[in-house]
Amino acid sequence: MDITETLMTLPAGHELVGQQCIVCKGTFQVNDEVVLCPRCKTAHHADCWREVGGCGSYGCPTVAVTVKKEKAKPAGDSHLLKRTPREKALIALGIILALGLLAFAMRPAPDPAAGRTKISIMVPGGMYETNYYEPFIDEFNDSQPELYIAFSVTPSIAYQQKLVVLLGARDAPDIFSLDKEQFVVFATNKGLLNLTPYLEAEPELVDKFFPNGTEQYWVNDGIYGIPHPGRNEIFTIWALSPNPDTAWDILVMLLDKISTDWPEELMEDAVFEPWRIQFPEPGL
């Protein structure tokens, strides 16, 4: 896969105009310089791409290599001329500087969890979902000395691809949402945590979170997901989460919030459509 990013200037009428930058949360305007991540296709302002040293989406490993426009073909045969010793020295120096900048960009970023137990959550959506979740997540992180939530709202068009890549790399979020079709496939292949023991320990949550019964959330030997109170989504926990008990507590807290104040504009009519993708082999 070509991991060299390309810079583009948004023309009037482009589909990204009015959408949100994953880093600064600002909207794209006509004539803005924009970079699409070559792996997960998430859009960034060019300055934001440079500032964070690559893709700002949680879990995406893409780093900035060069932000450039499409190359123009060289005029005539000037590109075939031999280099002078001085030109060769300048080229070598440029390569050394470029490698140094690349190494600098790939250095580990400061960990916002600062030693706290981190639970990562990924859901599909856009600016409206971000505006709903972000204040709640920020308040939680500011108030918790031992826990930290790394929350990511990923554009629906790239959500399924990114989730499958993260699962394949064994770097998936602790908590993520699925549509019904994906839920059955992932649960059947043991990619999701069996939530039955947690629900048996807190039976009051069954009536609270499953108003229409639990039957459709049973797969083989247990319940592997909890329905979103306002959408046709199913919240799940990754089978390989390093902190499954903490992830369960965070999921219950998140569902408690959603069940009380989920906005009308984000109800069922705004649900993401079922995805048509190739799923990983068994053993997610």
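Please treat every number below as a calculation from the coordinates, not as lab data. Quick caveat, the model's predicted, so the values are computed rather than measured. Methodologically, a virtual Cβ is constructed for each residue, glycine included, from the backbone with ideal geometry; neighbour enumeration extends over all protein chains shown.
Quick notes on this one:
- Residues residue 15 and residue 180, FRET efficiency given R0 of 25 Å [Cβ-Cβ distance, rounded to 0.05]: 0.35
- Residue separation of residue 200 and residue 91 scaled by 0.36 nm, minus their Cα-Cα distance, works out to 32.6 nm of gained length.
- J(HN,Hα) series, segment 175-180, from Karplus relation 6.51 cos²θ - 1.76 cosθ + 1.60, nearest Hz, glycine and proline x: 10, 8, 10, 9, 7, 4
- For segment 117-270: lysine pairs under 21 Å (alpha-carbon distance), excluding those fewer than 8 apart on one chain: 7
- Amide H contacts under 5 Å for residue 120, placed H, 5+ residues apart: 150, 174, 175
- Local electrostatic count at residue 209 - Lys and Arg +1, Asp and Glu -1, tallied over other residues with Cβ under 12 Å: -3
- Near the amide H of residue 191, within less than 5 Å, lie the amide hydrogens of 284, all on another chain or at least 5 residues away, with H placed in the peptide plane.
- Rounded to the nearest 20 debye, dipole of segment 117-270 from Cβ charges on Lys, Arg, Asp, Glu: 660
- Backbone geometry of segment 29-37 corresponds, through the Karplus equation with coefficients 6.51, -1.76 and 1.60 at θ = phi - 60°, to 3J(HN,Hα) couplings of 10, 4, 6, 5, 8, 10, 10, 9, 4 Hz, x marking Gly and Pro.
- Rounded FRET efficiency, nearest 0.05, which uses the C-beta distance separating residue 6 from residue 207 and R0 of 51 Å: 0.45
- Amide H within-cut-off set for residue 228, under 5 Å, with H built and near neighbours excluded: 233, 234, 235
- Under the Karplus curve 6.51 cos²θ - 1.76 cosθ + 1.60, θ = phi - 60°, whole-Hz ³J(HN,Hα) for segment 248-257, x wherever Gly or Pro sits: 4, 4, 5, 4, 4, 4, 5, 5, 4, 5
- Protection proxy ranking, highest mean first, for peptides 160-170, 128-138: 160-170, 128-138, where packing is the per-residue count of other beta-carbon atoms within 10 Å, averaged.
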